[in-house]
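Derivation of every value follows stated rules applied to the coordinates shown; laboratory data play no part. Note that the structure is predicted; figures quoted are calculated from it, not measured. Positions of Cβ are backbone-derived with ideal geometry, glycine not excepted, and every protein chain shown enters the neighbour counts.
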Amino acid sequence: MAKMPRMKGAVTGNFGRQKIKSRPGTYNISKYSLTKKEMYIPRPADAVALYIQAYNETCDPKLQQSLMEMIRNYYNKRSH
C-alpha cells in the first residue's frame, strides 16, 4: 500500500532530509552587502545590445530563438 504524504506539521523546505547549512561565504547577500556601488543593473538598451551580440556569436538555435524573442519584445514595447 502506498504511503500517504504527511498532512500536518511545519513545511521545512528540506522535505525529510537533514537541515543543511551552506558554507560560510557562499551566499553573502544582505541589505548591507547590496549597496548601489557594488550592484550594476544595465539599462534596457545596454541589455538588448548584449542580447544582440550573444545572438550573433552563438550557434545554439534554442538560445538564438530565446534571444530573438527578448530582442523583439524590447523593440515592440518601445514602438507602442
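Anything in the stretch 42-76 that is in a loop (DSSP other than H, G, I, E, B) and hydroxyl-bearing (Ser, Thr, Tyr)? List them, or say none.
Result: THR58, single match.
Annotation note: Cβ proximity below 7 Å between a residue of the stretch 39-63 that is surrounded by 11 or more Cβ atoms within 10 Å (Cβ to Cβ) and a residue that is assigned to a helix (DSSP H, G or I) and among the polar types (S, T, N, Q) (sequence gap 6+ or interchain) occurs for TYR55/GLN64; THR58/GLN64.
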